[in-house]
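The block underneath contains the structure these notes are about, expressed in C-alpha cells.
The values are calculated or read from the model by the stated rules, or taken from the named source; none is laboratory data. In this text the structure is predicted, and so the values were computed from the model without any measurement. Here Cβ is always computed from backbone atoms with ideal geometry, including for glycine, and neighbour counts include all displayed protein chains. Surface accessibility is based on the protein's heavy atoms, side chains included, excluding ligands, DNA and RNA. Shrake-Rupley method; radii C 1.70, N 1.55, O 1.52, S 1.80 Å.
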Amino acid sequence: MDQQKYLTNQRNKEKILQGNNLEQERNKNLQENKAGRLKKIVVPLLQWYDNNARDLPWRENSEPYAVWISEIMLQQTRVEAVKPYYDRWLKAFPTLSALAAAPEEEVLKLWEGLGYYSRARNIHKTAKIVEENYEGMLPSSFEALLKLPGVGEYSAGSIGSIAFQLPVPCVDGNVLRVITRITAEDADISEPSTKKLLTEWVRAIVPDARPGDFNQSLMELGASICLPNGLPKCESCPVSSLCEAFQQNKTTDFPVKKPKPQRKKEKRTVLLILLGDKAAVRKRKDSGLLASLWEYPNYPGELKEQEVIEKLQAKGLSPVTAIKLKKAKHIFTHIEWQLSGYLVTLDESLFSEKQVDWAEFSGGEDDFFWANSDLLHEHLTIPSAFKVYHQILLNTLQSAH
DNA sequence: AAATCGGGGAG
DNA sequence: CTCCCAGATTT
C-alpha cells in the first residue's frame, strides 16, 4: 500500500517536472523570438539616428576623457541639466591630468547642484588611478573600465562603445523602456535579472560597426520618441512596425516596474547666523546624505524663536535677534525636508574665536565655521537643499554693504 | 534584494 | 502632487 502510494507520488513528481521543462522550453523559444525581432531594428534605428540625433556638446568631442565625464554626469541626470556643467568642467579641467592634480574641494565646487556627489569624488579618484596605473589614458577594455570607481555596467558599456568602438551593450532607463515595448516584455525592470536579460538581448544585436552610435540611437529614441509615462510618439517612431507593444496598442503597459517606497518627511530648522560680514556654516559628516558638503546649521524639528535663542546660548553665542524666515521644502529621492528658518544676528563685541583655513576645517557635528560672502560663493560647496536660505543670506550680506 | 544617494523638469 | 532621468554602491 505504502509502496503504491510512493510510486504514484513519484509519477506525479515526474509529470510536474516534465511540465516545468516544457514551460521552460516555451519561455526560451519566446525569448529567442524576442531577441530575433530586435535584430531588425538595428539598420532603421541607425538611419533614424543619422537624421535626428540631437546636437549635444559631448557629441562634438570623442576623446575618451570627455566621453567619460559626460557619461558620469548623465547618470540619473537629464541632458538639459548636464549641459552647462559639462562645458564648465572641460574648461576648468581640459585634461585628465589637470583633473587629477586638482584639490577635491575644487572638483566638488564644480559639481555643486548636480547631485549624487559621490560621482564627483569617484571621478576624481579615477583620474588619480588612471594617472598612476594607465599613464594618464583611460583603459580601453570593458573589464578595465568596469573596475574604475563610479563606472558600472552601463557606463563601461557607453564609454567602451562610444569612445573605444567596443561592440558592447549599454542599458539605461531609456533602453529598458524601448526594449520592453518592442518585445512586449512584461518582466519587472526593477529586477536585476530582468536588466541582465535585456542586456543580453542588446549584446546580441550591437553592430561591430558604429556600436556607440547604435547605443546612442537606442537612448535617443527613448529620450525623444519612446517617452515614459504613457505618451510615446509612436507616429514618429522609425521602428513602430517592429514594435510588439505598438502593434497590440499596449505601449502604456510597458515597462513593468514595481512601485516606489514612500518618502519619509523630516522637519528641520535652518539657522542663518550673522556675525558682521560672516555667517556660520558647518561641514556635514563624511558619510551618508550630502557627505562632507557645507551647510548652514540646521536642527531636527520646527524650532520656536525662543528655542533657537537657547540653543545658541548653550553654544556660548550671544544672539541679539532671531527673525523668522519663510518656509521651504526640498525633496530628495527618499526623504522630504520641510524646512523653516531664522535669520539670527550676534553681538560681535561678545565674540572671539580662532579661525583656521576653511580647507583645513574639520570640526565636530555642530562646530561652526565663519565664512564670508566670497568663500560661500567661490569655494564652499553648499547643496541645493539649502538654496532658498543660501540666497537669502547672500542678499542680506550684500545689502549690509 | 533592498536601501541609499540629488536635483529638477514635465505632466 | 507623481514620475523618472544616458545608475552605482552599500547594506
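Which of the residues that make up the range A:268-301 are in a strand (DSSP E or B), in contact with an Asp or Glu (Cβ under 7 Å, 6 or more places away or on another chain) and either of a type in the set (S, T, Y) or outside the structural domain of A:F368 (by TED's automatic domain parsing) (or both)?
If the condition is that a residue be in a strand (DSSP E or B), in contact with an Asp or Glu (Cβ under 7 Å, 6 or more places away or on another chain) and either of a type in the set (S, T, Y) or outside the structural domain of A:F368 (by TED's automatic domain parsing) (or both), then A:T269 is the only one that fits.
Condition first: within 8 Å of DNA strand C (Cβ to nearest atom), within 17 Å of A:A156 (Cβ to Cβ) and under 8 Å from the mean Cα position of the chain (by Cα). Now tell me which residues in the range A:66-80 satisfy that.
Of everything in the range A:66-80, those that are within 8 Å of DNA strand C (Cβ to nearest atom), within 17 Å of A:A156 (Cβ to Cβ) and under 8 Å from the mean Cα position of the chain (by Cα) turn out to be A:L74, A:Q75, A:Q76.
Looking only at the range A:227-254, which residues are more than 16 Å from DNA strand B (Cβ to nearest atom) and either open to solvent by less than 50 Å² (accessible area, probe 1.4 Å) or part of a loop (DSSP other than H, G, I, E, B) (or both)? Give the steps one after another, and end with the answer.
Filtering the range A:227-254 down to residues more than 16 Å from DNA strand B (Cβ to nearest atom) leaves A:237-250, A:253-254.
Selection gives A:C237, A:P238, A:V239, A:S240, A:L242, A:C243, A:E244, A:A245, A:Q248, A:N249, A:K250, A:F254.
I'm told A:K258 meets every condition in (1) within 15 Å of DNA strand C (Cβ to nearest atom); (2) surrounded by fewer than 18 Cβ atoms within 10 Å (Cβ to Cβ); (3) at pLDDT 95 or above except one. Can you identify the failing condition by its number?
Only one criterion in (1) within 15 Å of DNA strand C (Cβ to nearest atom); (2) surrounded by fewer than 18 Cβ atoms within 10 Å (Cβ to Cβ); (3) at pLDDT 95 or above is unmet by A:K258, namely (3).
Do any residues in the range A:318-331 that are in contact (Cβ under 8 Å) with a residue 24 or more places away in the chain have Cβ atoms under 7 Å from those of residues that are buried (at least 18 other Cβ atoms within 10 Å of the Cβ) and of a type in the set (G, A, S), where the two are at least six apart or on different chains, and which pairs are they?
Listed by first residue and then by second, the contacts come to A:L325/A:G341; A:H330/A:A385.
Looking at the structure I just gave you, is A:T321 among the hydroxyl-bearing types (S, T, Y), within 16 Å of DNA strand B (Cβ to nearest atom) and open to solvent by 30 Å² or more (accessible area, probe 1.4 Å)? Reasoning before the result, please.
Values: among the hydroxyl-bearing types (S, T, Y): yes; within 16 Å of DNA strand B (Cβ to nearest atom): no; open to solvent by 30 Å² or more (accessible area, probe 1.4 Å): yes.
Answer is no for this residue.
Condition (residue is in contact with a strand residue (DSSP E or B) (Cβ under 7 Å, 6 or more places away or on another chain), under 16 Å from A:V281 (Cα atoms) and either modelled with pLDDT of 95 or more or not hydroxyl-bearing (S, T, Y) (or both)) applied to the range A:333-342: is it met by at least one residue?
yes
Here are some residues: A:P57, A:P84, A:P149. Which one is within 29 Å of A:G222 (Cβ to Cβ) and touching a Ser or Thr at 6+ places or on another chain (Cβ under 7 Å)?
Criteria check complete, one pass: A:P149.
Only residues that are open to solvent by 70 Å² or more (accessible area, probe 1.4 Å) and among the basic types (K, R): list them for the range A:105-129, please.
A:K125, A:K128
Would you point out the residue of the range A:130-149, among those that are open to solvent by 60 Å² or more (accessible area, probe 1.4 Å) and assigned to a helix (DSSP H, G or I), that is nearest to A:A98 (Cα to Cα)? Write out each step before concluding.
First, the residues of the range A:130-149 that are open to solvent by 60 Å² or more (accessible area, probe 1.4 Å): A:131-135, A:137, A:140, A:143, A:146-147.
Imposing the further condition that a residue be assigned to a helix (DSSP H, G or I) reduces the set to A:131-133, A:143, A:146-147.
On the way: A:E131: 10, A:E132: 14, A:N133: 16, A:E143: 25, A:L146: 23, A:K147: 22 Å.
Among those that are open to solvent by 60 Å² or more (accessible area, probe 1.4 Å) and assigned to a helix (DSSP H, G or I), it is A:E131.
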